[in-house]
Amino acid sequence: MDYARLIEQALNARKQAYTPYSGFQVGAALLTKSGKIYTGCNIENAAYTPTNCAERTAFFKAVSEGEREFEAIAIVGGAKEAEYLDFCPPCGVCRQVMMEFCKPSEFQIILGRSKEEYKIYTLEELLPLGFGPAQLQ
Ligand code: THU
């Protein structure tokens, strides 16, 4: 898969971010093994804790549509007014949600600053020794 295209979708999804409290806007684009893309943005809440990250929005949209197998996710984020984006690593809760559905040694996490500038990590690199479904078998 062309990661520039996945990042482009994440950048587009970021435009929908609802962030009246932090002003920090995140977009994600999740690629399924069958080649479909589900996007997500962060959605904040006046009570703060119900806030949903962009990555989890994408995962929950996909899983609620019956998807269970994922290849990669592109993530972009930064302050609303930022001229240039820095790399935006996923929070611990989102890494744990990835752990539920993705193979840690294979799932690719693409952190993008732009379509041209990105870094690729596996889930295993960002969540070493993660607790997942295998532990409960
Ligand atoms: N946020 C995400 O959407 N994804 C992450 O992985 C990190 C944090 C959001 C949550 C909140 O709306 C804002 O960024 C600031 O924490």
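FYI, it's all coordinate maths here, none of it is from the lab. In this text the structure is predicted, and so the values were computed from the model without any measurement. Every residue, glycine as well, gets a Cβ built from its backbone with ideal geometry; the counts of neighbours run over all protein chains shown.
Values as computed for the structure displayed
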{"quantity": "Degrees separating the helix 92-101 axis from the principal Cα axis of the chain, which is the longest one", "calculated": "40"}
{"quantity": "Fluctuation leader among Arg95, Arg113, Arg68 - the chain, Gaussian network, Cα springs under 10 angstrom", "calculated": "Arg68"}
{"quantity": "Solution diffusion estimate, µm²/s, Stokes-Einstein, region 32-87, Kirkwood Rh from C-alpha pairs, 4 °C, viscosity 1.567 mPa s", "calculated": "101"}
{"quantity": "In degrees, nearest ten, helix 54-64 long axis to first principal axis of the chain (Cα)", "calculated": "50"}
{"quantity": "Neighbour-count ranking [beta-carbon atoms within 10 angstrom, fewest first] of Glu83, Glu55, Glu117", "calculated": "Glu83, Glu117, Glu55"}
{"quantity": "Normalised convex hull volume, region 1-116, alpha-carbon set, Å³ per residue", "calculated": "96"}
{"quantity": "Choice from Pro90, Pro104, Pro20 showing the highest fluctuation, given a GNM over the chain with Cα pairs closer than 10 Å", "calculated": "Pro20"}
{"quantity": "Of Ala46, Ala79, Ala29, the one that fluctuates the most in a GNM where the chain has Cα springs shorter than 10 Å", "calculated": "Ala46"}
{"quantity": "Rotationally averaged projected area of region 66-137 (alpha carbon convex hull; nm²)", "calculated": "5.9"}
{"quantity": "Proximal aspartates and glutamates to Lys80, defined as alpha-carbon separation beneath 12 angstrom and excluding residues fewer than eight positions away on the same chain", "calculated": "none"}
{"quantity": "Shape call, region 1-63: gyration tensor on alpha carbons, a/c limit 1.5", "calculated": "oblate"}
